[in-house]
Amino acid sequence: MKATRTVKRILDNYEGDNPGVKGNLCRMLMEGRLRGTGKMVILPVDQGFEHGPARSFAANPEAYDPHYHYQMAIDAGLNAYAAPLGMLEAGADTFAGQIPTILKANSANSLMSDTAGKNQAVTASVDDALRLGCAAIGFTIYPGSDMAIDMFEEISALREEAAAKGIPTVIWSYPRGEAVSKDGETAIDIAAYAAQIAALLGAHIIKIKLSTDHLELGEAKKVYEAQGIDVASQTARVRHCMQAAFNGRRIVVFSGGAKKGENSVYDDARAIRDGGGNGSIIGRNTFQRPRDEALAMLGKLVDIYKGAD
Amino acid sequence: MKATRTVKRILDNYEGDNPGVKGNLCRMLMEGRLRGTGKMVILPVDQGFEHGPARSFAANPEAYDPHYHYQMAIDAGLNAYAAPLGMLEAGADTFAGQIPTILKANSANSLMSDTAGKNQAVTASVDDALRLGCAAIGFTIYPGSDMAIDMFEEISALREEAAAKGIPTVIWSYPRGEAVSKDGETAIDIAAYAAQIAALLGAHIIKIKLSTDHLELGEAKKVYEAQGIDVASQTARVRHCMQAAFNGRRIVVFSGGAKKGENSVYDDARAIRDGGGNGSIIGRNTFQRPRDEALAMLGKLVDIYKGAD
Amino acid sequence: MKATRTVKRILDNYEGDNPGVKGNLCRMLMEGRLRGTGKMVILPVDQGFEHGPARSFAANPEAYDPHYHYQMAIDAGLNAYAAPLGMLEAGADTFAGQIPTILKANSANSLMSDTAGKNQAVTASVDDALRLGCAAIGFTIYPGSDMAIDMFEEISALREEAAAKGIPTVIWSYPRGEAVSKDGETAIDIAAYAAQIAALLGAHIIKIKLSTDHLELGEAKKVYEAQGIDVASQTARVRHCMQAAFNGRRIVVFSGGAKKGENSVYDDARAIRDGGGNGSIIGRNTFQRPRDEALAMLGKLVDIYKGAD
Amino acid sequence: MKATRTVKRILDNYEGDNPGVKGNLCRMLMEGRLRGTGKMVILPVDQGFEHGPARSFAANPEAYDPHYHYQMAIDAGLNAYAAPLGMLEAGADTFAGQIPTILKANSANSLMSDTAGKNQAVTASVDDALRLGCAAIGFTIYPGSDMAIDMFEEISALREEAAAKGIPTVIWSYPRGEAVSKDGETAIDIAAYAAQIAALLGAHIIKIKLSTDHLELGEAKKVYEAQGIDVASQTARVRHCMQAAFNGRRIVVFSGGAKKGENSVYDDARAIRDGGGNGSIIGRNTFQRPRDEALAMLGKLVDIYKGAD
Amino acid sequence: MKATRTVKRILDNYEGDNPGVKGNLCRMLMEGRLRGTGKMVILPVDQGFEHGPARSFAANPEAYDPHYHYQMAIDAGLNAYAAPLGMLEAGADTFAGQIPTILKANSANSLMSDTAGKNQAVTASVDDALRLGCAAIGFTIYPGSDMAIDMFEEISALREEAAAKGIPTVIWSYPRGEAVSKDGETAIDIAAYAAQIAALLGAHIIKIKLSTDHLELGEAKKVYEAQGIDVASQTARVRHCMQAAFNGRRIVVFSGGAKKGENSVYDDARAIRDGGGNGSIIGRNTFQRPRDEALAMLGKLVDIYKGAD
């Protein structure tokens, strides 16, 4: 499919990458209702691993079925669907070629004691991604955790192998652990830092959380104040995070976090759009609603990214 | 052997898998007295590793002999027999081709201090399974243990290799360790979570324990209560665990735990059957009884799964 | 992109393949103006290797430039573009993700003496295909050549590696060599045999030449006559070749051969369509015409496959 | 499934093999209507490669479809179905686990000149067999061909790899080539020699042709006459070939050759049975008949091997 | 060093290549007196292998010393120096980093009978090139030789490895062998074909010989005449060869052949320059002259490429 000028400009930023990686990025950018706009809405369904099945799916029991999410991503005209190995395999044949998939290659769970540290298990490989026809692999890092160095090294090795085989890498960069406070996890200086680390690790797509105007690190706070960096509005904070992502040379999508009111979801999307972000990665806010409501909400979200709202 | 419609429907759920994996699943589903019903009774004998020989076999000394268990599984018309490497090797030639075997690829033991953490040793390989003609490999994970990440990564790698060579994976998903209380090990929220993790790791067959109506995790408890999830009866709890296993897209067998009264065993089986579970994996309750009693009990169990009781 | 029912039915025939292979087949079937119809028009440009540059491109000198062909395939709304390594590399970045590409992994040349035998050089690898983001690899075999056994063994090994990594294989099955006469190269019994061999070697897409009603092999001739196999019309011959391709379970595209009159090209396409073939692979007849004429001709060809002519 | 005493006695002869190999032999011996008898009827469909599709399938056009043959082998209650890679793949998922399959790993074709020598192309691997869930690999050798040494070395390497992974090897031992006359190809001394070579190469199942009372080799002829070896009847010749197969320690099945009258097929089977052979491998005589006739013929053949006719 | 616009435009043509390959191309294009012009003069010294030492060096005995050639390339301000392994190693330390080197990875010799075929020995590896700090590897192919398929396969594999490690490939494409006449070796249709084959094999720099207006191949001759392709002058022939090199998307340098008069060397260079070629690769005409004469001649050659003559 002929790529738009906007998409080509984005691909040009991935200048160190081979045509296979760019082709898969193009596949995601040219898919669904946002194709060609440079904006993305991605459906991630890894909460079953992280929070357990009932917390994830009981509100909308159809969502226990892996096929439900594939169909949702297709019917809503999204750009991609992300999930762990088992979840993807359970629908990979039925939906082969119909929606770009992102194989989430590591996963957290809620059944770990504090002493175990903040970490995730690597549960899939690049060969799994090829076999399942995935358009990318996904990987979470926890900047701020004492396990962060292990996680950085794991994704560095996986990314190298994946990129050589034409598979881009999406990094979920989620600050948490011994070195950040609870407020710090969503502080703007930390969010920007998380985007920067992901970019430096070679992420092709960066996923971070929307942030607050809190400033966590003392040394950083001084600079933000001295330089008068605008972090007052969500739009300004998104803009600042895009700077941290190589001045916009990397695609950044923002996550919605816990289920919340619809208007709040739309306000977030407008801030992402106006701040120059590339889109949303929105899981629980999708699949914990009844299917019709979810489709309506995703439809409106897409409209916002198209600038129509 | 011509597969029944029921078995074909089950195999269709394994859509990401190659014909080798499906063929071995079919072999187990089409074996024994329950062939074609979609139900399974599996005999596992790994207690010698976990509890020592006397605790496992002294009550019925014939059971010290590995041939005893092969013969039991065959004579009782079971679907498969699972054991560690040495146990399988000691009868593999005599019983070659006569009963599908599951090579238990990791094993716990009782000779570890608390500080060693909850973990198991990997004691067999996929090539061992091929050489011994096994229909599957088996692997235990301990969600809740601080060693869980290691265990998840071990089984992910083994499973990838096994599936590529046509060998399915059975995951024993047994919550224990630092993050779960004693009651929590059999709590319904934890059991469902254990099933979900195994499914996400790519298990072809999931083995979990029957659960109680206890709810272990605070966040989960809120959801179970808010959504009114029925966990009052064992049947309801089995049904909920099947939801957690990709809405029934994965085979789940339930374990009987410590030796108990016969009636209790039968009640469990009825609950599994009525809740839509696929069957029982029943070790100590089998081999710690005299052979005739064990055969009678297994016979009745099979009858229950056939709906005849 | 949601696949049509027609495409899903085709994919179902590739039941031994993983979702990666099916996804790439889907990508080609859902591309361009014929997307969703189950029909394909593919542009192959490997004549520079086989016949030299002037014979291939002098009639339309723009075609010396590799970008020309990518652009042609995109602008004409074709399903895929096939070429040798160097040709693909020279445009792989500019056109990344915009048209499915087929890496032609072996190539013939006209600078070989008769004693060298009919053979091709393997000039690219599966890893090249992944790196360049290709949707398939292509490979020529020469049934009838004394080198055929080598060629069959080469493609068997390449195909196994490619399929494991989610890459389908297109086999150009072109009878020539010591065991077939000049007339035999396009005889119907030989064409059907060529399709059968490609299918048995595991080709996902088979490319053969349109055939004549000549019968080459004595033993075959007896059977064609005894069974009254209809080979009188091109449509009947296409239908017979589809039988030879596992009764239509494999995609078969037909090649146009040397440049010829437009009407002849269209008549060929109608015969392919009416005989149940999947489409055309049309090189010289495309790029040896001026761009406008070529686009008009491909446009009409697509219309024919859509049933509109 | 509990093996019969007869089957166990046969398995005991494979004393150098691991339980995986024996398990797969058992699977074939315990399948279908002849299960447990130590007799086998195998359906091979590799004629499409060797003779082309029309000569193979035009007499019964349903047979162009790979599913047809799987279904035939299952419905007729045969022991196994053998075919080349593409043929097996095209039905491997639909029929997974329902009939033991033999992956024919090399294939001949009729499009080779005399100067190319008698040889076959290796077109599949042991990993293919595992992935497709096959119970064995098959391989043809041509004792008497100047390419025989290459073929012996190829199968030796493949067999070693297969046996290590629990996959038995079936050798089609078909004398032809520079060192044997046309009559010699079916001479009894040559047939016995072919069985012996296959056994020495480590075949688990040997497939040879029924022979005539012709004696091809001068040195052999002297011995046959001096020792008064009885080769007068087909039964006697089968008995002699079983001697050549390690005095009956290896399973030997006999091929039917070109399509012929039904009575002739039955007479052959009675000779095989009475001479101590293990059964028939019968392709063209099966699938070139209408399905009903083929089922009736196979039914009668099975009855003969059961001793009922 | 900042690359010129001209050089950047050339590098842009290598769009399928990684930054390592482009960086090494840039290194050569930005070296010496022609840096930044897009033109190159390369010194190759592989005649010792091909013709023996006395034929190569006796006319100017200083040239027996490997250091002599390094020094010459540096002093004359050339772009690169190409030689076989031993020759490069003997000066690699002294001149490390001072002149880009090209490791000639295969070599011909004059000590082969006609029956041995036209071929070269592979005598160095990509790892050798990395270890010696080379800017490229070089490789000769003989289109027209019955060994050509082997040579194409060798360079395909070497090139893939080299490019993955950031090393570009220079292909010496020299027609000779069974399929071309003596006149054909320098015929313009063959020269253009040789350039095309090298480009299709993925050469980053193509080295061909200047050609005559002879047309070797009957089929080609027809096209050259019908299309009125201008091959009358050397300039026109160079221009045609550049078309064959992907319409100028690949760097092409031309070789001078046997030692000849200075004016002839200069005329050649002017034709290369005016026809759009990228430069000269000039061995014997350099080192078989006394050093002062050689420096003067190379100086003048550089001036011609700068357009100053």
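The values are calculated or read from the model by the stated rules, or taken from the named source; none is laboratory data. Remember, it's a predicted structure, so these values are computed and weren't measured experimentally. Neighbour counts run over all protein chains shown; Cβ positions are idealised from the backbone, glycine included. These area figures cover heavy atoms from the full protein model, side chains too; ligands, DNA and RNA do not enter into them. Shrake-Rupley method; radii C 1.70, N 1.55, O 1.52, S 1.80 Å.
Worth pointing out:
- Scanning the range C:198-217 for residues that are within 8 Å of another protein chain (Cβ to nearest Cβ) and either touching a Cys at 6+ places or on another chain (Cβ under 6 Å) or more than 22 Å from C:I282 (Cα to Cα) (or both) yields C:L200, C:L201, C:G202, C:L217.
Here is a yes/no grid of residues against (1) assigned to a strand (DSSP E or B); (2) among the hydroxyl-bearing types (S, T, Y); (3) under 25 Å from B:R9 (Cβ atoms):
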residue	(1), (2), (3)
B:Y224	no, yes, no
B:T235	no, yes, yes
B:C241	no, no, yes
B:S264	no, yes, no
B:A271	no, no, yes
B:T286	no, yes, no
B:A294	no, no, no
B:V302	no, no, yes
B:A308	no, no, yes
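- Residues of the range D:193-207 that are farther than 19 Å from D:E15 by Cβ and either of a type in the set (D, E, K, R) or over 15 Å from the mean Cα position of the chain (by Cα) (or both): D:Y193, D:K207.
- Subset of the range B:175-214 [assigned to a loop (DSSP other than H, G, I, E, B), crowded, with 18+ Cβ neighbours inside 10 Å and in contact with a strand residue (DSSP E or B) (Cβ under 6 Å, 6 or more places away or on another chain)]: B:A203, B:H204, B:L210
- Test: residue in the range B:99-112 that is closer than 29 Å to A:A129 by Cβ, open to solvent by 10 Å² or more (accessible area, probe 1.4 Å), at pLDDT 95 or above and assigned to a loop (DSSP other than H, G, I, E, B): no
- Being on the phi < 0 side of the Ramachandran plot, within 19 Å of the chain's Cα centre (by Cα), more than 14 Å from chain C (Cβ to nearest Cβ) and of a type in the set (D, E) is not true of D:E50.
- Residue check, D:L78 out of contact with any Leu (no Cβ under 6 Å at 6 or more places or on another chain) and either farther than 23 Å from D:E185 by Cβ or not in a loop (DSSP other than H, G, I, E, B) (or both): no
- A Cβ distance below 9 Å, combined with a sequence gap of six or more or placement on separate chains, defines the contacts here; from the range D:99-118, residues that are at the interface with chain C (Cβ under 7 Å from one of its Cβ atoms) and over 22 Å from C:A195 (Cβ atoms) reach residues that are modelled with pLDDT of 90 or more and open to solvent by 20 Å² or more (accessible area, probe 1.4 Å) in the pairs D:T115/C:D146; D:T115/C:E178.
- Of all residues in the range A:119-136 being surrounded by 22 or more Cβ atoms within 10 Å (Cβ to Cβ), among the small types (G, A, S) and within 30 Å of A:I190 (Cα to Cα), the one that is nearest to the other protein chains (Cβ to nearest Cβ): A:A121
- On the stretch given as the range C:220-265, residues that are within 17 Å of the chain's Cα centre (by Cα), β-branched (V, I, T) and under 20 Å from D:D46 (Cα atoms) total 0.
- For the range D:289-296, the count of residues that are within 21 Å of D:I171 (Cβ to Cβ) and out of contact with any strand residue (DSSP E or B) (no Cβ under 6 Å at 6 or more places or on another chain) is zero.
- Within the range A:29-47, tally of residues that are within 17 Å of A:R250 (Cα to Cα) and either at the interface with chain C (Cβ under 9 Å from one of its Cβ atoms) or open to solvent by 40 Å² or more (accessible area, probe 1.4 Å) (or both): 3
- Just one of the listed residues (C:A73, C:A63, C:A54) is part of a helix (DSSP H, G or I), small (G, A, S) and more than 25 Å from E:I206 (Cβ to Cβ), namely C:A73.
- Filter result for E:K260 (facing chain C (nearest Cβ under 10 Å) and open to solvent by 50 Å² or more (accessible area, probe 1.4 Å)): no
Results for (1) of a type in the set (D, E); (2) under 19 Å from E:E178 (Cα atoms), shown as yes or no for each residue.
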position: E:P61; (1), (2): no, no
position: E:A80; (1), (2): no, no
position: E:M87; (1), (2): no, no
position: E:M112; (1), (2): no, yes
position: E:D127; (1), (2): yes, no
position: E:M151; (1), (2): no, yes
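- Residue match in the range A:10-20 (condition: crowded, with 24+ Cβ neighbours inside 10 Å, modelled with pLDDT of 95 or more, in contact with a His (Cβ under 8 Å, 6 or more places away or on another chain) and not in a loop (DSSP other than H, G, I, E, B)): no
- Per the listing D:I155, D:I149, D:I141, D:I167, the residue uniquely out of contact with any Asp or Glu (no Cβ under 7 Å at 6 or more places or on another chain) and within 30 Å of B:T6 (Cα to Cα) is D:I167.
- Pairing residues of the range E:137-156 that are more than 15 Å from E:G202 (Cβ to Cβ) and facing another protein chain (nearest Cβ under 9 Å) with residues that are open to solvent by 10 Å² or more (accessible area, probe 1.4 Å) and part of a helix (DSSP H, G or I), at Cβ distances under 7 Å and at least 6 apart in sequence or on separate chains, gives E:D146/C:T115; E:D146/C:A116.
- The test for being over 29 Å from B:R289 (Cα atoms) and either in a helix (DSSP H, G or I) or within 10 Å of chain A (Cβ to nearest Cβ) (or both) holds for B:V231.
- Flag for C:L217 being modelled with pLDDT of 95 or more, surrounded by 21 or more Cβ atoms within 10 Å (Cβ to Cβ) and more than 16 Å from the chain's Cα centre (by Cα): yes
- B:A157 vs. criteria hydrophobic (A, V, I, L, M, F, W, C), at pLDDT below 95, over 23 Å from B:S255 (Cβ atoms) and open to solvent by 20 Å² or more (accessible area, probe 1.4 Å): no
- Any hit, the range C:4-17, residues being under 21 Å from C:F139 (Cα atoms), within 10 Å of another protein chain (Cβ to nearest Cβ) and in contact (Cβ under 8 Å) with a residue 60 or more places away in the chain: yes
- Condition check for A:Y70: of a type outside the set (D, E), more than 9 Å from chain C (Cβ to nearest Cβ), more than 23 Å from B:A179 (Cβ to Cβ) and touching a helix residue (DSSP H, G or I) at 6+ places or on another chain (Cβ under 8 Å): no
- Boolean, B:A271 is open to solvent by less than 60 Å² (accessible area, probe 1.4 Å) and of a type in the set (A, V, I, L, M): yes
- Checked against the criterion of being over 19 Å from the mean Cα position of the chain (by Cα) and aliphatic (A, V, I, L, M), the candidates B:A76, B:A58, B:A83 yield just one match: B:A58.
- Residue selected from the range C:177-197 under the condition more than 7 Å from chain D (Cβ to nearest Cβ) and among the polar types (S, T, N, Q), by the criterion nearest to D:L85 (Cα to Cα): C:T186
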